[in-house]
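A.B. asks: After the structure tokens below, expect a handful of questions from me.
The values are calculated or read from the model by the stated rules, or taken from the named source; none is laboratory data. Values in this document were obtained by computation on a predicted structure and should not be read as measured data. Using ideal geometry, Cβ is built from the backbone for each residue, glycine included, and neighbour counts are taken over all protein chains shown.
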Amino acid sequence: MARPYEIIIGLEVHVQLLTESKLFCGCSTRFGAPPNTQTCPICVGMPGVLPVMNRKAFQLALKTACALGCEIARFTKWDRKNYYYPDLPKNYQISQYDLPFSRGGYLDIRSPEAEGGKRRIGIIRVHLEEDAGKSMHDERAGQADSRIDLNRAGTPLLEIVTRPDIRSPAEAKLFLQELKLLLNYLEVSDCNMQEGSLRVDANINIRVFTDDGPVPTPIVEVKNMNSFRAVERALAYEAERQYQEFLETGHRLGDVPKQTRGWDEDAQITRPQRTKEESSDYRYFPEPDLVPVVVTDEEIEAIRQSLGELPAQIRERLEATYGITPYDSDVIVSQGRAFVNYFERLAGICGEGKLAANWVQQEVLRVLNERQIGIEAFPISAEALGELLCMIRDRKLDHRRGREVFARMLATGESASGAVAALGFVEVPDEEIEALCRQLVAENPKTVADVKAGKIKAVGGLVGQAKKINPHVDPAKVRDFCLRLISQM
């Protein structure tokens with residue numbers, strides 16, 4: 001049943017950049033250090049200190065904005081965003097307001113809900129800002145103590161703000177997965193949500209279909225979502241909550257203020273936190289201690305040339321070149337550039353893209369997951385596995401025996417041919433297989449009759465008998481020979 005409303009979602013994504021030092025000082029950004037050990041007078045807001053911009057952070061930000069197709073500003077400045085909170089030692093955050101370094105842009109996602117299976121999510125802006133510290137709340141024994149760790153204060157963040165183009169919680173999750181993949185390929189962030197390297201706030205409202213036309217509900221900002229699955233669940237709950245509130249208020253939406261709500265993972269609900277702030281509440285004004293940044297056309301072009309092939313482009317090329325499905329390309333590309341390179345070498349050796357795709361997804365990924373390693377540490381080279389797939393392609397081995405050979409190669413480091421010899425697998429000549437099939441067809445008139453009557457699966461009985469007589473025969477060849485002989489009768 002179709003929903004009685006349309007969901008409208010925009011995301012604000014904060015990404016920690018892969019720099020060794022903070023945005024405006026030389027303190028380390030390493031995760032996991034003891035609290036308040038990675039601070040200095042600049043990032044804790046002592047009087048009289050002056051910030052200095054981290055050049056690498058700005059270059060990583062430019063790289064991301066170029067990959068998202070944003071328009072890069074040749075002149076950009078910094079602003080102070082003023083608010084008072086215990087983990088913000090300066091009582092303001094250095095950010096960007098009216099002159100961010102990039103605007104516009106987009107990221108395409110593959111969505112089964114969109115026309116043509118693809119939805120373009122517009123990007124309003126991408127800008128740099130410094131992070132705040134971290135409040136740690138201790139609820140033990142009813143003490144409700146809070147402690148402040150300023151190690152994170154001043155860490156370079158990239159804020160990516162989307163247009164309200166997302167039309168479902170599932171699409172929000174797809175967008176975040178695609179954005180994370182892009183950032184990983186660009187090597188601008190590790191996007192580790194558990195360490196706070198990627199954080200998401202969502203703005204959501206719904207348009208309810210009524211007899212008088214669609215009626216929008218007030219926008220709600222949802223926070224405290226610590227995984228992509230949590231984002232999907234929180235937005236699904238919030239959309240339905242807004243619809244129920246719409247019904248309960250008798251459509252008097254003016255009585256419902258804009259608000260910020262937090263996601264309670266344990267209760268699987270959103271809870272009200274505060275009324276939603278407007279930009280005027282932050283009293284933005286230009287940062288007086290930092291000079292504006294000027295970017296040349298040559299610098300922008302150099303960044304664009306350094307991007308390389310991006311995930312969406314790689315997927316399209318793999319599908320066109322190797323004849324694999326969109327699902328196959330999604331899985332392969334999502335594992336990273338090194339995995340893509342391994343697949344391409346393998347597909348080139350065996351000459352069958354689909355066969356190579358099946359093996360890297362089923363066997364190779366299984367081993368990587370079991371051993372918790374990356375493809376760089378995988379003990380079987382693409383060339384060695386390619387030799388095995390050539391044997392399977394040429395039907396010198398069936399898939400079951402191919403997996404046995406694969407297991408031995410993993411265990412011993414032998415080549416495919418060496419593993420085949422060690423296992424005692426013998427290739428049975430076609431002439432011998434055909435003779436065996438003639439014998440089986442002659443001895444099993446009922447099976448022959450069933451196959452002729454359209455019960456093709458009945459030929460499996462002949463295959464089973466052939467394997468008992470000679471375990472080395474290729475089941476696929478036995479099946480083909482038997483069906484051909486029966487069709488000639």
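A.B. asks: Taking the stretch 245-298 as the search range and keeping residues that are assigned to a helix (DSSP H, G or I) and surrounded by 10 or more Cβ atoms within 10 Å (Cβ to Cβ), which one is modelled with the lowest pLDDT?
C.D. replies: Within the stretch 245-298, the match that is modelled with the lowest pLDDT is Leu253.
A.B. asks: For the list (1) in contact (Cβ under 8 Å) with a residue 60 or more places away in the chain; (2) in a loop (DSSP other than H, G, I, E, B), I need the number of the one condition that Pro100 fails.
C.D. replies: Every condition holds for Pro100 apart from (1).
A.B. asks: Return the residues of the stretch 197-236 that are more than 21 Å from the chain's Cα centre (by Cα), at positive phi and polar (S, T, N, Q); say none if nothing qualifies.
C.D. replies: Listed by number, the list is empty, since nothing qualifies.
A.B. asks: It is to be established whether one or more residues within the stretch 111-120 are among the hydroxyl-bearing types (Ser, Thr, Tyr) and either buried (at least 17 other Cβ atoms within 10 Å of the Cβ) or on the phi > 0 side of the Ramachandran plot (or both).
C.D. replies: yes
A.B. asks: A further question on this structure: Please tell me if Ile314 is in a helix (DSSP H, G or I), of a type in the set (A, V, I, L, M), farther than 25 Å from Leu176 by Cα and out of contact with any Gly (no Cβ under 9 Å at 6 or more places or on another chain).
C.D. replies: When the stated conditions are applied, Ile314 does not pass them.
A.B. asks: Where residues in the stretch 46-74 are assigned to a loop (DSSP other than H, G, I, E, B) and either of a type in the set (Phe, Trp, Tyr) or closer than 16 Å to Gly104 by Cβ (or both), which of them is farthest from the chain's Cα centre (by Cα)?
C.D. replies: Looking at residues that are assigned to a loop (DSSP other than H, G, I, E, B) and either of a type in the set (Phe, Trp, Tyr) or closer than 16 Å to Gly104 by Cβ (or both), I get Arg74.
A.B. asks: Taking Cys25 as the residue in question, decide whether it is over 15 Å from Ala132 (Cβ atoms) and either touching a residue at least 12 places away in the same chain (Cβ under 8 Å) or not in a loop (DSSP other than H, G, I, E, B) (or both).
C.D. replies: No; evaluated as a whole, the condition is false for this residue.
A.B. asks: So Tyr84 clears everything in (1) without any contact (Cβ under 8 Å) to a residue 12 or more places away in the chain; (2) surrounded by 14 or more Cβ atoms within 10 Å (Cβ to Cβ); (3) of a type in the set (Phe, Trp, Tyr) except one condition, right? Which one?
C.D. replies: So Tyr84 meets the others, but not (2).
A.B. asks: Pick out the one residue from Ala382, Ala416 that is touching an Asp or Glu at 6+ places or on another chain (Cβ under 6 Å), of a type in the set (Gly, Ala, Ser) and surrounded by 13 or more Cβ atoms within 10 Å (Cβ to Cβ).
C.D. replies: Checking each option against the conditions leaves just Ala416.
A.B. asks: Can you tell me which residue among Ala458, Ala466, Ala416, Ala422 is at pLDDT 85 or above, of a type in the set (A, V, I, L, M) and farther than 30 Å from Leu346 by Cβ?
C.D. replies: Ala458
A.B. asks: Same structure again: Return the residues of the stretch 346-373 that are within 9 Å of Leu385 (Cβ to Cβ) and not small (Gly, Ala, Ser); say none if nothing qualifies.
C.D. replies: Within the stretch 346-373, Leu346, Ile349, Cys350, Trp359, Val360, Glu363, Val364 qualify.
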